[in-house]
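Only one structure is covered here, and it is reproduced in the block below.
Just so you know, all these numbers are worked out from the coordinates, no wet-lab data involved. Since the structure is predicted, the reported quantities are computational estimates derived from the model, not experimental observations. A quick note on method: Cβ atoms are made from the backbone with ideal geometry, for glycine too, and the neighbour counts reach across all protein chains shown.
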């Protein structure tokens, strides 16, 4: 049995996505050197979308996109990705997916909450151990040459002692 590839776009999914693909329009106020329809034909929106999903799903850099697989070069896929981001294409798809999931399973909107904290865990040292970059060190870090140790240069009096 063949494995399902998570980056492949099914016909059902493409039917949902296709109406939201932004259509590029020519600016009527601008004068172009070529006639409308001249030059290289644009890549199909489905192949570009498949290439974008492949890059995002696999965590590749754009230049690692295999052109033979999708028929779209990496620079084209990245340029179209940037254009679609500006046009709000991916937000529209996200909204459509949320609405579809809400119809299927229902989202308890009133119970949703986002919370978090960004603090150090001082007691976690015992369970996780030292910093991974310091694990191989046998001794304490040597101080820089010519610098004094970090402490006050003049001794301070203790609060409980008279001057």
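Brief remarks follow.
- Checked against the criteria, residue 88 counts as surrounded by 12 or more Cβ atoms within 10 Å (Cβ to Cβ), under 16 Å from the mean Cα position of the chain (by Cα) and at positive phi.
- Residue in segment 18-32 that is closer than 23 Å to residue 98 by Cα, in a loop (DSSP other than H, G, I, E, B) and touching a residue at least 12 places away in the same chain (Cβ under 8 Å) present: yes
- Candidate set: segment 39-79, residues that are within 15 Å of residue 5 (Cα to Cα) and surrounded by fewer than 19 Cβ atoms within 10 Å (Cβ to Cβ); chosen: the one farthest from the chain's Cα centre (by Cα): 69
- Of all residues making up segment 43-53, the number that are farther than 18 Å from residue 19 by Cβ and part of a loop (DSSP other than H, G, I, E, B): 1
- Evaluation of residue 56 against (1) touching a residue at least 24 places away in the same chain (Cβ under 8 Å); (2) in a helix (DSSP H, G or I) (one fails), failing number: (1)
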